[in-house]
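The values are calculated or read from the model by the stated rules, or taken from the named source; none is laboratory data. No experiment lies behind these values; they were computed from the predicted model shown. Methodologically, a virtual Cβ is constructed for each residue, glycine included, from the backbone with ideal geometry; neighbour enumeration extends over all protein chains shown. All accessible areas refer to the heavy atoms of the entire protein, side chains included, with ligands and DNA or RNA removed. Shrake-Rupley method; radii C 1.70, N 1.55, O 1.52, S 1.80 Å.
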Amino acid sequence: MHLAVAVAAVAALAIGVSAHPDPYRDKLNRPTVHDNLDYLKLGMNQWLPETTYTLSEWNNGYMPEECKNIVTGKADGGGTQYNPNDFQIFDVHYDDCGEPWQFCHHRSSNSSIDTVARLFGKLPIQMRQWIRHVIDVPSQQGHAFEWNGSVIFFAADNSITVFAHETAHSLDLNGAYADHALSYSDRWWNEYDQDWQVPDPYSNSNGIEDVAQCTVVSVFDVNVPGGFPSVEPNWGGIEHQIHLIQAEARDAGEGNSILIPGHNKECTHRMPHSNPVPMNGNSKRGPAPDVRMRSNVTLIDTSKRVEKHSGCTLTW
C-alpha cells in the first residue's frame, strides 16, 4: 500500500518550532529513517521505464551559454573549472517532448552520453521538463548540484536517485508546485512539524535538501509496487512530508501526478534554452545552432527564484 494512502498506527512525535528555518542555510536536527537512499535505486531502476531518445551532436564550435558559465566556474565563483573545448554538445530528443534538451558531455566523463541520457529519460516527463541543461564531467569523487534549472554531475554513476534529487531542486525552486518555492512555504513546514524524522542524514542539511530527498522517496513510493513501506518499516516518521509532495505533484499535473510516467504523456512546460556561444573565445565555425522553441509549451520563468544555486553538494 502506498504511503500517501496507507493507514497505520505510527507513534510519531510532532516537533514544533517557533519560527521556520531558513531553507537554504539552517540545518535541521531530526532522527533519520535510513543512512542514505541507495536502497531505493533497485526499485526505481526496475519500475521507471526508459524513454526512447535520439542524439544529434553539435559540431560547429558552439555550446550553450549556461553550460559554459557552469563548467568554467563563472556561474559558481570558480568552484568548477573545465576547458569548454573538451565538451561534446548533444541535442537529446525524447519521444515525449517536441523540444530537445542540450546535454553538455565531457569527453573524459566517467559515464557515456548514452548512460546519462538513458537515466535522465527514466524520470517522468513532467519532472524532466523543469531541467534546462544536463552536464556531466569527470571527477575523482561523485557529487552533483543544480543551478538555475541546469544539473551537473561529477563522476555520474548509474544512480537514478541522484538524477531525481537534482531534478527535485528545480521543481521546488523554480515553481513547479506553486508560484514560490515549496521549501519556503508554510504548507511545507507545517507538514514537517507533524513528522519526527527526515529521510536520511543529507536531508538534515537544510529544508531544500529535505524537500529534494523527500521527492526521491515520493517517486519511489508512487511507482514501485508496495510503495515505500515495502522497503522501509519506519516510513511513518516522514509520512506528512511525503504526503504533501505527492498532493502537490497531483495538483501540478492537474490531477495527474507529475511523479508518475505516463500520467502526462507530453511536455507542457520547458526551460528556455540558453544562447549558443563559441566554446573558445570568439572562434567559431559556421552559424550558431537555432535553439528557438517551436512547440506549444509554456516557458518557465526563473526570474522569481530567490537564489540561482540550490546549494546542493550531494556526494556518493
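Below, the figures for the structure above:
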{"quantity": "Unmet requirement for A75, which otherwise passes all of (1) surrounded by fewer than 16 Cβ atoms within 10 Å (Cβ to Cβ); (2) among the aliphatic types (A, V, I, L, M); (3) touching an Asp or Glu at 6+ places or on another chain (Cβ under 9 Å); (4) part of a loop (DSSP other than H, G, I, E, B)", "calculated": "(1)"}
{"quantity": "Looking only at segment 173-194, and only at residues there that are of a type in the set (D, E, K, R) and part of a helix (DSSP H, G or I), the one that is most open to solvent (accessible area, probe 1.4 Å)", "calculated": "D186"}
{"quantity": "Of all residues in segment 229-242 being among the polar types (S, T, N, Q) and surrounded by fewer than 21 Cβ atoms within 10 Å (Cβ to Cβ), the one that is farthest from D200 (Cα to Cα)", "calculated": "S230"}
{"quantity": "Where A176 falls short, out of the listed (1) touching a helix residue (DSSP H, G or I) at 6+ places or on another chain (Cβ under 7 Å); (2) of a type in the set (G, A, S); (3) free of Cβ contacts under 8 Å to residues at least 60 places away in the same chain", "calculated": "(3)"}
{"quantity": "Any hit, segment 129-150, residues being within 15 Å of the chain's Cα centre (by Cα), part of a helix (DSSP H, G or I), within 18 Å of C67 (Cβ to Cβ) and of a type in the set (A, V, I, L, M, F, W, C)", "calculated": "no"}
{"quantity": "Criterion (over 23 Å from N264 (Cα atoms) and either under 18 Å from the mean Cα position of the chain (by Cα) or surrounded by fewer than 22 Cβ atoms within 10 Å (Cβ to Cβ) (or both)) met by exactly one of G61, G98, G121", "calculated": "G61"}
{"quantity": "Test: residue in segment 155-167 that is under 20 Å from D301 (Cα atoms), part of a helix (DSSP H, G or I) and of a type outside the set (D, E, K, R)", "calculated": "yes"}
{"quantity": "Matching option when the condition is basic (K, R), open to solvent by 60 Å² or more (accessible area, probe 1.4 Å) and without any contact (Cβ under 8 Å) to a residue 40 or more places away in the chain, among R292, R285", "calculated": "R292"}
{"quantity": "Residue identified as closer than 23 Å to D26 by Cβ, open to solvent by less than 10 Å² (accessible area, probe 1.4 Å) and modelled with pLDDT of 95 or more among I208, I131", "calculated": "I208"}
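Quick grid of which residues meet (1) over 20 Å from the mean Cα position of the chain (by Cα); (2) assigned to a strand (DSSP E or B); (3) more than 30 Å from W196 (Cα to Cα); (4) modelled with pLDDT of 95 or more:
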site: L40; (1), (2), (3), (4): no, no, no, yes
site: S56; (1), (2), (3), (4): yes, yes, yes, yes
site: G79; (1), (2), (3), (4): yes, no, yes, no
site: H93; (1), (2), (3), (4): no, yes, yes, yes
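Residue-wise test of (1) under 27 Å from D210 (Cβ atoms); (2) among the hydrophobic types (A, V, I, L, M, F, W, C); (3) open to solvent by 60 Å² or more (accessible area, probe 1.4 Å); (4) within 17 Å of the chain's Cα centre (by Cα).
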{"position": "G227", "(1), (2), (3), (4)": "yes, no, no, no"}
{"position": "L244", "(1), (2), (3), (4)": "yes, yes, no, no"}
{"position": "K265", "(1), (2), (3), (4)": "no, no, yes, no"}
{"position": "N280", "(1), (2), (3), (4)": "no, no, yes, no"}
